[in-house]
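Any read-out appearing in this document is the output of simple, stated calculations on the displayed coordinates, not a laboratory observation. These numbers were taken from a predicted model, which means no experiment stands behind them. Heads up, the Cβs are rebuilt from the backbone with ideal geometry, glycines too, and the neighbour counts pull from every protein chain shown.
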Amino acid sequence: MAKKTVTNARSGARGQRPDAVDVVRRLATTFPGATTELHFSNAFELLVATVLSAQSTDARVNLTTPELFKTYPDARALAGADLTALEQLLVPTGFFRQKARSITKLSQRLLDDHGGEVPADMEYLVTLPGVGRKTANVVLGHALGVPGLPVDRHVLRVANRIGVATGDDPVKVERQLCDQLPADQWTLASDCLILHGRRVCRPTPQCARCVLNDICRYAVAGTRAPKPAPARTRA
């Protein structure tokens, strides 16, 4: 009987993937209560906030959305917003003209198609202005109770370095990660990878204080995984 190969630092260095479930378990212990850092009180607010977070930071969006949602509390209000006034509110998030158009148009679509409610439907969500698969997964997983694994630049970088995924295509990396994890861990996995990428596994990684440095291909073997190119898909 062949000896069972253990997926540890040495086997990882030989090319086998680290155990994704173990990776998520370790990161979840390191970042207890990991979740999106965007502030929201319902699915519509999270949808809008996630659209605004493109080419911006969650912290900056969180400074903008309180006044935004006070002025435009729902899809009906935002659909009828004065574009110039709305743009001024969104200036801190960057690309404010494009974002103002996107969130007013998506609000109108939601109003026309679903009475202003955000449906738990990936195929529909990705047809909305400014919404791509990553944004849809954020909303599904955090506000609508539907398993979703958002893949952003942090997830791409960290997953490739660790060795639990390969490639720079967000959809393909999402599929690879989902295939290795139970559905009820998809959203948590994304949240943990994002936080790890922001705080530890930065563009210049801090391997010495990483809880994965005994199984991570990059840390163990010095393997410099190809740097993922910026995602070309919509957020």
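Just to be sure I understand the curve: with the Debye formula and one point per C-alpha of the range 101-156, what is log10 I(q)/I(0) at q = 0.14, 0.23, 0.24, 0.30 Å⁻¹?
Reported log10 I(q)/I(0), two decimals: -0.36, -0.89, -0.95, -1.23.
Return the whole-Å distance between the Cα centroid of the range 185-221 and the Cα centroid of the range 25-53.
Value for the Cα centre distance between the two parts: 18 Å.
In degrees between 0 and 90, to the nearest 10, how far off the longest principal axis of the chain does helix 43-52 point, with axes built from Cα atoms?
80 degrees
Would you work out the charge dipole size for the chain about its Cα centre, treating the Cβ of every Lys and Arg as +1 and the Cβ of every Asp and Glu as -1, and quote it to the nearest 20 debye?
That gives the chain a dipole magnitude of about 1380 debye.
What dipole magnitude, in Debye to the nearest 20, does the range 43-143 give about its Cα centre under +1 on Lys/Arg Cβ and -1 on Asp/Glu Cβ? Don't skip to the answer; put the middle values down first.
On the way: 10 positive and 11 negative charges, 70 e Å.
Dipole magnitude for the range 43-143 comes out near 340 debye.
Using only Cα atoms, tell me the angle between helix 170-180 and the longest principal axis of the chain; keep it within 0 to 90° and round to the nearest 10.
Result, in degrees: 50.
Which translational diffusion coefficient, to the nearest whole µm²/s, is obtained for the chain from the Stokes-Einstein equation, given a Kirkwood hydrodynamic radius over C-alpha pairs, 20 °C and 1.002 mPa s?
D, rounded to a whole number, is 115 µm²/s.
In Å, what is the Rg of the alpha-carbon atoms in the range 43-143, and how long is Dmax?
Rg and Dmax of the range 43-143, Cα atoms, are 12.1, 33 Å.
Quick one: 3J(HN,Hα) in Hz for the range 118-126, Karplus 6.51/-1.76/1.60 with θ = phi - 60°, rounded, Gly and Pro as x.
Couplings: 8, x, 7, 9, 4, 4, 6, 4, 6 Hz.
Once label points are set 7 Å from the Cα along Cα→Cβ at both Val171 and Glu123, what is their separation, rounded to one decimal in nm?
Distance between the two pseudo-spin positions: 1.5 nm.
Using 0.36 nm per residue, how much length does the chain from Ala85 to Val211 gain when fully extended, once their Cα-Cα distance is taken away?
Length gained, Ala85 through Val211: 40.7 nm.
Quick check on packing: order 64-70, 99-105 by the mean number of other C-beta atoms within 10 Å, highest mean leading.
99-105, 64-70
For the range 147-153, in order, what is each residue's ³J(HN,Hα) by Karplus, 6.51 cos²θ - 1.76 cosθ + 1.60 with θ = phi - 60°, in whole Hz (x at glycine and Pro)?
x, x, 10, x, 10, 10, 5
Over the alpha-carbon set of the range 57-112, work out the extent along each principal axis and list the three values in angstrom, largest first.
Principal extents (largest minus smallest coordinate, Cα): 31, 20, 18 Å.
Relative to the first principal axis of the alpha-carbon coordinates of the chain, what is the inclination of helix 20-30, with its axis defined by its Cα atoms, in degrees from 0 to 90 and to the nearest 10?
On a 0 to 90 degree scale, this one is about 70.
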